[in-house]
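A.B. asks: This is the structure I want to talk about, given as structure tokens.
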Amino acid sequence: MEAAQRASDITGLPIRLWTPVMSGQMNVMVWTGNAEHLVDFEVAGDKLGESNEFNDWVEQNDSLFVGPFEDAVLQVLHGAAAEEAPAYVLGTQAVPANGAYAEAFGIGVEIAQTAEQITGLPMLFGSWLTGTFGGVGWVAGAPDLDAVETANAALAANDDWIKLIERAGHAFREGGTSTLYRRLN
């Protein structure tokens, strides 16, 4: 949490810290930030790189972290980030099937819109600019676990949702993943 606060203070971007819960990759820390343009991330990265205070702090605390550092950018194609970060976020990732990219992108937006209508929770849909090549992702925020559970039950009980997911199946490769994240700051 201290790293997120320090990075926010230096860059001027709100940096949030998340960890997966009830999902794979337990004990992973994920820092996120939203920006209007890629250059905003470049400027933020330059500010962090130039900050002796931040880099000294990272060096002093490096032993607390194990494993590689990974970075990725999701370019939003539908929806908008909430003004206030939700307590929980469900992130789903998939990769379009070969030859089905246009269909996958179209149905990806339809999935986001339909989930919003059924659950009342806002959902982003985007494509990975960096990270998984050709991948897409959906991100839905919820205020608490009750809202997550209620939304999931509403989707599972909705015949139109089930038909949409069945129709979408051939547009994506096998192996999509969903992860529930809890905001820590």
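A.B. asks: Pop a pseudo-label 7 angstrom from the Cα along the beta-carbon direction at both Asn55 and Gln117 and give the gap in nm to one decimal.
C.D. replies: 5.3 nm
A.B. asks: How high is the FRET efficiency from Asp9 to Asn98, r the C-beta distance, R0 45 Å, rounded to 0.05?
C.D. replies: E between Asp9 and Asn98, to the nearest 0.05, is 0.50.
A.B. asks: Dipole of the chain (Lys/Arg Cβ +1, Asp/Glu Cβ -1, origin at the Cα centre): which of Tyr88, Gly134, Ala154 lies farthest to the positive side?
C.D. replies: Positive-end residue among those listed: Ala154.
A.B. asks: Counting other beta carbons within 10 Å of each Cβ, put His78, His37 in order, fewest first.
C.D. replies: By the 10 Å Cβ count, ascending: His37, His78.
A.B. asks: Dipole magnitude of the range 74-183 about its Cα centre, charges +1 at Lys/Arg Cβ and -1 at Asp/Glu Cβ only, in debye to the nearest 20?
C.D. replies: Dipole of the range 74-183, to the nearest 20 debye: 340 debye.
A.B. asks: Let me ask you something else. Where in the range 46-133 are there GluC sites (Glu not before Pro) that are in a DSSP coil and have at most 13 other Cβ atoms within 10 angstrom of their Cβ?
C.D. replies: Hits after loop and neighbour filter: Glu70, Glu83, Glu84.
A.B. asks: Return, ordered by residue number, the residues of the range 117-132 whose backbone nitrogen is under 12 Å from a label point located 7 Å along Cα→Cβ of Gln25.
C.D. replies: 131-132
A.B. asks: Could you tell me which chymotrypsin sites (Phe, Trp or Tyr not before Pro) in the range 67-120 are loop residues by DSSP with no more than 12 other beta carbons within 10 angstrom of their beta carbon?
C.D. replies: Those satisfying the criteria are Phe69.
A.B. asks: Still on this structure, please answer the following. Once you keep just the Cα pairs under 8 angstrom separated by 6 or more residues, what percentage relative contact order results for the chain?
C.D. replies: 30 percent
A.B. asks: Rounded, prolate or oblate, given the Cα gyration tensor of the range 74-183, with a/c below 1.5 counting as rounded?
C.D. replies: Cα axes put the range 74-183 in the oblate bin.
A.B. asks: Based on the Cα gyration tensor of the chain, what are the three equivalent ellipsoid semi-axes, each the root of five times an eigenvalue, rounded to whole Å and given largest first?
C.D. replies: Calculated on Cα positions only, the semi-axes equal 31, 18, 15 Å.
A.B. asks: Could I ask something else about it? Subtract the Cα-Cα distance of Asn152 and Val76 from 0.36 nm times their separation in residues, and report this length gain in nm to one decimal.
C.D. replies: Full-extension gain reported as 25.1 nm.
A.B. asks: Given the peptides 139-145, 61-67, arrange them by the average over their residues of other C-beta atoms within 10 Å, most packed first.
C.D. replies: 139-145, 61-67
A.B. asks: Treating the beta-carbon of each Lys and Arg as +1 and of each Asp and Glu as -1, no other charges, what is the dipole magnitude of the range 1-110 about its Cα centre, to the nearest 20 debye?
C.D. replies: 380 debye
A.B. asks: Moving on to the next point. To the nearest 20 Debye, how big is the dipole of the chain about its Cα centre, given +1 on the beta carbon of each Lys and Arg and -1 on that of each Asp and Glu?
C.D. replies: Once rounded to the nearest 20, the dipole reads 500 debye.
A.B. asks: Could you work out the helix-only [θ] at 222 nm for the chain, with each DSSP H run of four or more residues adding -39,500 (n - 2.57) and the total divided by the number of residues, to the nearest 500 deg cm²/dmol?
C.D. replies: Calculated from helices alone, the mean residue ellipticity at 222 nm is -12500 deg cm²/dmol.
Every read-out reported here was derived from the displayed coordinates using simple, explicitly stated rules and does not represent laboratory data. Computed from a predicted structure; not experimentally measured. All Cβ positions, glycine included, derive from the backbone under ideal geometry; neighbour counts span all protein chains shown.
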